[in-house]
1. Which of (1) part of a strand (DSSP E or B); (2) among the aliphatic types (A, V, I, L, M); (3) closer than 20 Å to VAL14 by Cα is the odd one out, the single condition LEU94 does not satisfy?
2. Go through the stretch 44-64 and give me each residue that's among the small types (Gly, Ala, Ser) and closer than 8 Å to ASP31 by Cα.
3. Filter the stretch 14-43 for residues that are under 17 Å from ILE89 (Cβ atoms) and free of Cβ contacts under 8 Å to residues at least 24 places away in the same chain and give the result.
Amino acid sequence: MSDNINSLINTITVGTTIKGDIQANGDFRMDGTLDGNVTLTGKLVIGEKGLIKGNVVCQNANVMGVIDGNLSVKEFLTLYASARVKGDIVANKLAIEPGAYFTGTCHMLDELTD
């Protein structure tokens, strides 16, 4: 089972609110509310009802919900039409669907440093 730990997906469902920072290996899906920072070694998916009030650092991210904080993505960031980001974005690659909204600066880098 320990060999499969990085293939597991952590999920916070709609109606759940967490206060505090989250650090995780592997992927994470947020459909609830988090008041804190997120640091992941994998992919972050924020569903349409998902809300993060804090900074995010991850490998890849698909954002359909709201981030109120800075977002640092080491590889690929996708902002879907329903996405709302209030903060600075740093990403290697970025895709933005029409209708997505973000306010802040955006820096695209070949490689992020920790």
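1. Of (1) part of a strand (DSSP E or B); (2) among the aliphatic types (A, V, I, L, M); (3) closer than 20 Å to VAL14 by Cα, only one is false for LEU94: (3).
2. Once the filter is applied, which keeps residues that are among the small types (Gly, Ala, Ser) and closer than 8 Å to ASP31 by Cα, the stretch 44-64 yields GLY47, GLY50.
3. Passing the criteria: VAL38, THR39, LEU40, LYS43.
Bear in mind that the values in this text are calculations on the coordinates, not laboratory data. Only a predicted model underlies this, so the values are computations on that prediction, with no experimental measurement involved. Don't worry about glycine lacking a Cβ; one is built from the backbone with ideal geometry, like all the others, and counts go over all protein chains shown.
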